[in-house]
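Below is one structure; the comments refer to it alone.
The values are calculated or read from the model by the stated rules, or taken from the named source; none is laboratory data. The structure presented is a predicted model; accordingly, all values stated were derived computationally and were not measured. Backbone-built Cβ (ideal geometry, glycine too); neighbour counts: all protein chains shown. Surface accessibility is based on the protein's heavy atoms, side chains included, excluding ligands, DNA and RNA. Shrake-Rupley method; radii C 1.70, N 1.55, O 1.52, S 1.80 Å.
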Amino acid sequence: MATKLGLKSNEVRVVPYHPKWKKEFAKVKKNLMQHTNLQDNQVEHIGSTAITGIHSKPIIDILVGIGDYSSVSDSLAKGLRNAGFYRLRVERPNEIVFAKFTDNSYQVKTHFIHLVDFGGELWNNLIFFRDYLNSNEEAKREYEELKLEYTKQTSQGVNEYTDHKEAFVKKIFAMSNSKN
């Protein structure tokens, strides 16, 4: 892959879009489905690597929806581990986060799984965000500019980077919620 996947803890870097990101997602999705009982419609490519043509952090974000995210079965947890994903000690409302790393040092994350309630509000918001940006050039460019603006200042601070984009993301989420 021309743009190598992965970021260290708290590193913030964006790189030009690469079409191989979609192929990487498809490969990982197939692997997830081989190791778990997940169905095709429960695994979606989200985040900036799923938005064609914009700069992104070189990490593949994967949305996984299950019946109740708060009670992950042992078999699902084991299947995710067998597919190379480890649960992170990250506290997020209505979500459990897993990551895949480049190696056993666990220093560089290459993929995230965002485990949420299938068909729930967060699931719907994240899918809507991806689809809206892919179909709206103006919103896509506005989002990309926010990302580039932050990384011109610093290459650290994942939480600050997320905060920097929060108002824009919430604005798009609100559009999703008004449709429901």
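Key figures
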read-out: Residue within region 32-40 that is without any contact (Cβ under 8 Å) to a residue 12 or more places away in the chain and open to solvent by less than 50 Å² (accessible area, probe 1.4 Å) present; value: no
read-out: Selection status of Val97, surrounded by fewer than 14 Cβ atoms within 10 Å (Cβ to Cβ), closer than 30 Å to Leu76 by Cβ, out of contact with any Cys (no Cβ under 7 Å at 6 or more places or on another chain) and β-branched (Val, Ile, Thr); value: no
read-out: Residue identified as in contact with a Lys or Arg (Cβ under 6 Å, 6 or more places away or on another chain), surrounded by 14 or more Cβ atoms within 10 Å (Cβ to Cβ), of a type in the set (A, V, I, L, M, F, W, C) and within 17 Å of Val169 (Cα to Cα) among Leu133, Leu122; value: Leu133
read-out: Hits in region 71-91 (condition: among the small types (Gly, Ala, Ser) and either within 17 Å of Val108 (Cα to Cα) or open to solvent by 80 Å² or more (accessible area, probe 1.4 Å) (or both)); value: Ala83, Gly84
read-out: Yes/no for Leu5 being part of a loop (DSSP other than H, G, I, E, B) and more than 24 Å from Val158 (Cβ to Cβ); value: no
read-out: Criterion violated by Thr3 - all others in (1) surrounded by 18 or more Cβ atoms within 10 Å (Cβ to Cβ); (2) modelled with pLDDT under 95; (3) not small (Gly, Ala, Ser) satisfied; value: (1)
